[in-house]
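Participant: Just passing along the structure, written as C-alpha cells.
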Amino acid sequence: MHVHVFAVGKIKERGLRELIDDYAKRIGRYATYHELELKDAPHEELDERFKKAIPSRARVYALEVEGKALSSHDLAQVVGRAEDTSIMNLVFLIGGSYGLPPSTSNAADGKISLSKMILPHRLARLMLVEQIYRAFTILRNEPYSH
C-alpha cells in the first residue's frame, strides 16, 4: 500500500521537517510513504493540482475542522480497512491557510478532523503523519501504540 500526504505549503522549520521525516521513515516499515507539498494558490488552481496528484482508484480523506473526529484507534480502522480491501493508495489532503478548496474536499471519500481547533497546516501534517504511524502499530499490536 502507498500512503500519500498532499499538503499546501512547504515545511521550512528544520526541527519540524526532521520530525515529519522520522515518522515518514517509520511508516516505511509498513507501507510506501509519499509526501507532496503544493504551492499555495487560488482554490480553482489548487483543486486542479490536487486532482492531478491523486492517483486513480485512491481512497482519499480531506482533513477538515468540521470533519469526523477520529481517535487513534478509529484512524487505525481506516488504515486497516484500506489494507484489507487492497486499496493501493491511501491519500490524506491538508489545506493551506484558507483550507482546502471546497470542490477538493467534497470530492474526497471522507472528511476527518485531527482537532476541533484550527491547526497550522504544518502542525497538522506532523500530527497526521505521527497518527498514521501509530495506526500501523495499533493494527499490529506493537508497543508504540499503547
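Participant: Only one of (1) assigned to a loop (DSSP other than H, G, I, E, B); (2) within 13 Å of the chain's Cα centre (by Cα) is not met by LEU119, so which one is it?
Facilitator: Going through (1) assigned to a loop (DSSP other than H, G, I, E, B); (2) within 13 Å of the chain's Cα centre (by Cα) one by one, LEU119 breaks only (2).
Participant: I'd like the full set of residues that are over 16 Å from ILE27 (Cα atoms) and either among the charged types (D, E, K, R) or crowded, with 17+ Cβ neighbours inside 10 Å (or both), limited to segment 68-93.
Facilitator: The answer is LYS68, LEU70, ASP74, ARG81, ASP84, ILE87, LEU93.
Participant: Just to be sure, is SER103 out of contact with any strand residue (DSSP E or B) (no Cβ under 8 Å at 6 or more places or on another chain), without any contact (Cβ under 8 Å) to a residue 40 or more places away in the chain and either small (Gly, Ala, Ser) or in a helix (DSSP H, G or I) (or both)?
Facilitator: Numbers: out of contact with any strand residue (DSSP E or B) (no Cβ under 8 Å at 6 or more places or on another chain): yes; without any contact (Cβ under 8 Å) to a residue 40 or more places away in the chain: no; either small (Gly, Ala, Ser) or in a helix (DSSP H, G or I) (or both): yes.
No; evaluated as a whole, the condition is false for this residue.
Participant: Consider only pairs whose beta carbons are under 7 Å apart and that are at least six residues apart or on different chains; among these, list those whose first residue lies in segment 133-144 and is farther than 10 Å from ALA76 by Cβ and at pLDDT 95 or above and whose second residue is surrounded by 13 or more Cβ atoms within 10 Å (Cβ to Cβ) and charged (D, E, K, R).
Facilitator: Every condition considered, the pairs that remain are TYR133/ARG26.
Participant: Applying the selection to segment 1-49, what residues are in contact with a Leu (Cβ under 7 Å, 6 or more places away or on another chain) and in a loop (DSSP other than H, G, I, E, B)?
Facilitator: Answer for segment 1-49, where residues must be in contact with a Leu (Cβ under 7 Å, 6 or more places away or on another chain) and in a loop (DSSP other than H, G, I, E, B): just MET1.
Participant: Just need a number here: residues in segment 106-127 that are surrounded by 14 or more Cβ atoms within 10 Å (Cβ to Cβ), modelled with pLDDT of 95 or more and out of contact with any strand residue (DSSP E or B) (no Cβ under 6 Å at 6 or more places or on another chain).
Facilitator: Residues in segment 106-127 being surrounded by 14 or more Cβ atoms within 10 Å (Cβ to Cβ), modelled with pLDDT of 95 or more and out of contact with any strand residue (DSSP E or B) (no Cβ under 6 Å at 6 or more places or on another chain): 3 in total.
Participant: Looking at segment 54-93, which of its residues are outside any strand (DSSP E or B) and among the β-branched types (Val, Ile, Thr)? Even if it seems obvious, please write down each step before you answer.
Facilitator: Filtering segment 54-93 down to residues outside any strand (DSSP E or B) leaves 54-58, 70-88.
Within segment 54-93, ILE54, VAL78, VAL79, THR85, ILE87 qualify.
Participant: Considering only segment 126-136, I want to know if a residue exists there that is assigned to a loop (DSSP other than H, G, I, E, B) and farther than 13 Å from VAL5 by Cα. Working first, answer last.
Facilitator: Within segment 126-136, the subset assigned to a loop (DSSP other than H, G, I, E, B) is none.
No.
The values are calculated or read from the model by the stated rules, or taken from the named source; none is laboratory data. Given the structure is predicted, the values throughout are model-derived calculations rather than measurements. Using ideal geometry, Cβ is built from the backbone for each residue, glycine included, and neighbour counts are taken over all protein chains shown.
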